[in-house]
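What follows is a single structure, written as structure tokens, with notes after it.
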Amino acid sequence: MQLSKLGEFRLIKGLEKFCETTSRKDVILGIGDDAAAIKTSKGIILITSDTLIEGVHFDLSFTTSYQLGYKILAVNISDIFAMGGKPKYFILNLAIPRTSDTKCVREIYRGIKKLANKFDIAIIGGDTSASKDKLLLSGTLIGETKKIITRAGARPGDGIFVTGTLGDSAMGLRILKKIGKKINFEGQGMKIKGSPLPLTPYTLSLIKQHLMPEPRPLKDISGVTSMIDISDGLLMDLSHICEKSRVGAIIYKDKIPLSKELINAARDLNIDPFRFAFKGGEDYVLLFTASSGVKINAFRIGEIIEQGCFIVDAKGKKTPFKAEGYEHFRRKF
Ligand code: ADP
Ligand code: MG
């Protein structure tokens, strides 16, 4: 079957039988979550891997090498945080066209270092190869934790929470594509020719959210029953929790946190900000469930139910939602 029909998630599901780990007691969690988890005598090791490919994940006409380096580590950190872990060691594989220059590689590493220093992550190696004509970055991040939070623990009655505003990154990308130029976040207030939006602090903040997302851990994970990071969009990633936990969900539209920057940009472009918040993806905020009664410092957007997935609008109208968002081979937001 052609991958465009199958889609990324059904393809990965089909790989599970090759990644069967039941005979290995040390593998607590294999394929199917934000990271794999391995038990050792001292605790739990988390391992995750993510790739950024030119033409698929980024466009070099409006992304700097520094921003790419920063992002390849950021998206991996987000997966370790989604398991309740602490990032520790990073490995970077690079495939670079032979026409690139050394500055490009140095800038990638400067971007990685920026975040690695912030979270005290050691860069411990990698691999380098020439590519035919596209740049590829593939990062593997190893973390540690005492306890893992998986996608599978949500129970009916749990609250559903997000740690930050949604849709900003997707809107940032929309604006960046219109501008079509590299931005180093210093040219505030300037207007770029042909762009319907001036580069104001609010458009810059959206663009920065796309190019350099800042992963933040959930400080207190007591009472948290399941967790995932939002990389493919709220509806898609909440569907992953529902599928793994075998539950349903209700979310309330008027409880979805939208930034004033997104609201302003959506108004200027005459588009619905909720489309971005629900399906945009690359938010890299945490989506989690927690037992009712636990005090949580995050936005409560809904609750887990026995079955079915629904959005309730401000007037109380209930509409079912599907797992829509970003999916490789198939759906594009
Ligand atoms: P995320 O968006 O959090 O990075 P993915 O959707 O990329 O997660 O991956 C989901 C799960 O599928 C992870 O457990 C990952 O290890 C696994 N996975 C993805 N691609 C492959 C593959 N080619 N072989 C084995 N496992 C894979
Ligand atoms: Mg993830």
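Which three lengths, in whole Å and largest first, does the chain cover when its Cα atoms are put on their principal axes?
In descending order, the Cα extents are 52, 52, 43 Å.
Report the residues of segment 212-250 in range of a label on K114: point 7 Å along Cα→C-beta, backbone N strictly under 11 Å from it.
In segment 212-250, the label zone of K114 (backbone N under 11 Å from the point 7 Å along Cα→Cβ) covers 212-214.
Rank T150, T165, T99 by mean-square fluctuation in a GNM of the chain with C-alpha springs under 10 angstrom and give only the top-ranked residue.
T99
With a probe of 1.4 Å, find how much accessible area segment 1-109 has per residue, and write the answer as a whole number in Å².
52 Å²
Let me have the 222 nm mean residue ellipticity of the chain computed from DSSP H runs of 4+ only, each contributing -39500 (n - 2.57), with the sum over all residues rounded to the nearest 500.
-9000 deg cm²/dmol
Probe 1.4 Å, all protein chains in place: accessible area of R275 in Å², nearest 10?
For R275, the solvent-accessible surface is approximately 110 Å².
Given the Cα-Cα distance of K181 and I53 and 0.36 nm per residue of separation, how much length would full extension add, in nm?
So the chain would gain 44.2 nm between K181 and I53.
Compute, for Y89, the solvent-accessible surface of its heavy atoms (probe 1.4 Å) with the complete set of protein chains present, and express it in square angstrom to the nearest 10.
Solvent-accessible area, nearest 10 Å²: 100 Å².
Residue farthest toward the positive end of the dipole of the chain, with Cβ of Lys/Arg at +1 and Asp/Glu at -1: which of A298, I221, G157?
The listed residue farthest towards the positive side: A298.
With a 1.4 Å probe and all protein chains kept in place, how much accessible area does R110 have, in Å² rounded to the nearest 10?
130 Å²
With a sphere of radius 12 Å drawn around the Cβ of F276, what net charge do the other residues whose Cβ falls strictly inside it have (Lys, Arg +1; Asp, Glu -1)?
After counting each charged neighbour, the total is -2.
At a Förster radius of 51 Å, what calculated FRET efficiency corresponds to the Cβ-Cβ distance of S41 and K5, to the nearest 0.05?
After rounding to 0.05, the efficiency reads 0.65.
Nothing charged except the Cβ atoms of Lys and Arg (+1) and of Asp and Glu (-1): what's the magnitude of the dipole of the chain about its Cα centre? Round to the nearest 20 debye.
About 280 debye.
Which of rounded, prolate, oblate describes segment 103-255, given a ≥ b ≥ c as roots of the alpha-carbon gyration tensor eigenvalues and a/c under 1.5 marking rounded, otherwise prolate only if a/b is larger than b/c?
Judged from the Cα gyration tensor, segment 103-255 comes out oblate (a/c at least 1.5, b/c at or above a/b).
Please compute the per residue accessible area over segment 226-333 with all protein chains in place, 1.4 Å probe, rounded to a whole number of Å².
49 Å²
Only Cα pairs within less than 10 Å get springs; with that Gaussian network setup on the chain, which residue of A277, A35, A122 has the largest fluctuation?
The residue that fluctuates most here is A122.
Suppose the chain between I263 and A122 were pulled fully straight at 0.36 nm per residue; how much longer would it get relative to their current alpha carbon spacing?
This chain segment gains 46.9 nm when fully extended.
Test of understanding: what is the full-extension gain from K146 to E20, defined as 0.36 nm times their sequence separation minus their Cα-Cα distance?
The span from K146 to E20 would gain 43.0 nm if fully extended.
Considering only T102, T163, T289, give the residue with the highest GNM mean-square fluctuation for the chain, with springs between Cα atoms whenever their separation is below 10 Å.
Maximum fluctuation in the GNM of the chain, among the listed residues, is at T102.
Out of V27, T128, F58, whose Cα points farthest toward the positive end of the dipole of the chain (charges: +1 Lys, Arg; -1 Asp, Glu; placed on Cβ)?
Looking along the dipole axis, the top candidate is F58.
Using the Cα centre of segment 213-290 as the reference point, and only Cβ charges (+1 on K/R, -1 on D/E), how large is the resulting charge dipole? Debye, rounded to the nearest 20.
Dipole size: approximately 260 debye.
Suppose R0 equals 25 Å; then what is the FRET efficiency for F329 and L60 from their Cβ-Cβ distance, rounded to the nearest 0.05?
Plugging the Cβ-Cβ distance into 1/(1 + (r/R0)^6) gives 0.65.
In the chain, what percent of the accessible surface is made up of carbon and sulfur (1.4 Å probe, ligands and nucleic acids excluded)?
Carbon-and-sulfur percentage of accessible area, whole number: 52.
With an 8 Å Cα cut-off and a minimum separation of 6 or more residues, compute the relative contact order for segment 26-95 in percent.
25 percent
Roughly speaking, what is the centre-to-centre gap between segment 243-292 and segment 1-58 when only Cα atoms are used, to the nearest Å?
Taking the Cα centre of each part, segment 243-292 and segment 1-58 sit 25 Å apart.
The values are calculated or read from the model by the stated rules, or taken from the named source; none is laboratory data. If you're wondering where the values come from, they're calculated on a predicted model, not measured in any experiment. Every residue, glycine as well, gets a Cβ built from its backbone with ideal geometry; the counts of neighbours run over all protein chains shown. Ligands, DNA and RNA are stripped out before the accessible areas are found, and what is left, the full protein with its side chains, is counted by its heavy atoms. Shrake-Rupley method; radii C 1.70, N 1.55, O 1.52, S 1.80 Å.
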